[in-house]
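**Student:** What follows is a single structure, and I will ask about it in a moment.
The values are calculated or read from the model by the stated rules, or taken from the named source; none is laboratory data. Quantities reported herein were computed from a predicted structural model and do not represent experimental measurements. Glycine also receives a Cβ, built like all others from the backbone with ideal geometry; neighbour counts cover every protein chain displayed.
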Number of protein chains: 2
Amino acid sequence: MIIVLRLGHRIPRDERITTHVALVSRAFGAEKMIYTGQKDSGMEESVKKISEEWGGNFIAEYSKNGLGIVKEMRRKGSKIIHLTMYGIDFNEKMEEIKKIEENSDILIVVGGAQVPIEFYKISDFNLSVTNQPHSEVAALAVLLNELNSKNKVFEGKKRITPSENKKIIITKN
Amino acid sequence: MIIVLRLGHRIPRDERITTHVALVSRAFGAEKMIYTGQKDSGMEESVKKISEEWGGNFIAEYSKNGLGIVKEMRRKGSKIIHLTMYGIDFNEKMEEIKKIEENSDILIVVGGAQVPIEFYKISDFNLSVTNQPHSEVAALAVLLNELNSKNKVFEGKKRITPSENKKIIITKN
């Protein structure tokens, strides 16, 4: 099981970015996204609506205490991966992490403007997806894509039939 | 050479998402991002500032005519990849695209709320990174990460020394 922790959500600045973090988490097979910062019922609702339409039980869940979530999951035996541009190249650790994934839950932490140094210290891995500034959405997607060798199957009201050159969407009533 | 075309930029709604599309394009080795929709000097400036600090010549460049860009690049022999949740699984085409990349320039097109059907028809590949709704930032990152087997090296004023548990940033004056 993979859970994503998104730190320091700000309204309105991060509304769409955090929504994208949530949808990426869902599409690539994570169980849920927990987020800290400002509680955002509108964002939670958007994510819930996508799950209702497209399948699965994925939710965005608010927490006041990100470090508390990390500590609790560590106590339960989860491994913590913090994605940061300051970390070491994720490719160096993928083999190790894939083995861990077979036996342990994984918490993936993504920032957040300024991630407190405590998160660097408590994480099992501080990993970068390039050491250049880009996007937490992108870093998360690349990591999750590597972790999930096959796509998760969703049973939703809406479903796409992949096509070479058309938009084919099937809607169940 | 890879160029990214981002369609239908809206101010203020897409400001940060399009910035992330640009920074992902840069970090994963694309030459530039062309965007359509509303011209956004603030976003262009943010992207330019990142290039100045972190290296390279990457820019965000406005165009009024996305389909014109596609047609012009096709004429010059580029291959067009349109990323869309309606497309076929990108994994099925990666081998073919990696071969194309050795000899041709590639234009990667990302939406955009509603991408006109013309883009589906004119593209060489309509590819999905999962058929679930998530993020153009994520889809682009996953594809570019697969295309660029080794990270691009930037020579900027700022540079990170990858670390297991610290934030190490080196700034040249």
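**Student:** Just to verify a result, which residue in region B:88-113, among those that are in contact with a helix residue (DSSP H, G or I) (Cβ under 8 Å, 6 or more places away or on another chain) and of a type in the set (Val, Ile, Thr), is surrounded by the fewest Cβ atoms within 10 Å (Cβ to Cβ)?
**Tutor:** B:ILE97
**Student:** Name the helices (runs of 4 or more DSSP H) wholly within region A:1-103 that hold at least 1 residues that are away from every other protein chain (no Cβ under 14 Å)?
**Tutor:** Counting at least 1 such residues, we get A:41-54, A:66-75, A:94-103.
**Student:** When only residues in region B:148-173 that are part of a loop (DSSP other than H, G, I, E, B) and of a type in the set (Ser, Thr, Tyr) count, which is nearest to the other protein chains (Cβ to nearest Cβ)? Show your work before the answer.
**Tutor:** Of all residues in region B:148-173, those part of a loop (DSSP other than H, G, I, E, B) come to B:148-157, B:161-168, B:172-173.
Those left that are additionally of a type in the set (Ser, Thr, Tyr): B:149, B:161, B:163.
Details: B:SER149: 10, B:THR161: 8, B:SER163: 6 Å.
Once the filter is applied, the top-ranked residue is B:SER163.
**Student:** If you check B:TYR62 against the conditions, is it without any contact (Cβ under 8 Å) to a residue 40 or more places away in the chain, aromatic (Phe, Trp, Tyr) and under 20 Å from B:LYS32 (Cα atoms)?
**Tutor:** Considered against the rule, which asks whether it is without any contact (Cβ under 8 Å) to a residue 40 or more places away in the chain, aromatic (Phe, Trp, Tyr) and under 20 Å from B:LYS32 (Cα atoms), B:TYR62 comes out as yes.
**Student:** Then there's this: Can you tell me how many residues within region B:41-68 are in contact with a strand residue (DSSP E or B) (Cβ under 8 Å, 6 or more places away or on another chain) and crowded, with 21+ Cβ neighbours inside 10 Å?
**Tutor:** Going through region B:41-68 one residue at a time, the tally reaches 6.
**Student:** Quick check: anything in region A:127-147 more than 9 Å from chain B (Cβ to nearest Cβ), in a loop (DSSP other than H, G, I, E, B), over 26 Å from B:ASP124 (Cβ atoms) and modelled with pLDDT under 95?
**Tutor:** Checked against the condition, which is being more than 9 Å from chain B (Cβ to nearest Cβ), in a loop (DSSP other than H, G, I, E, B), over 26 Å from B:ASP124 (Cβ atoms) and modelled with pLDDT under 95, region A:127-147 yields no hits at all.
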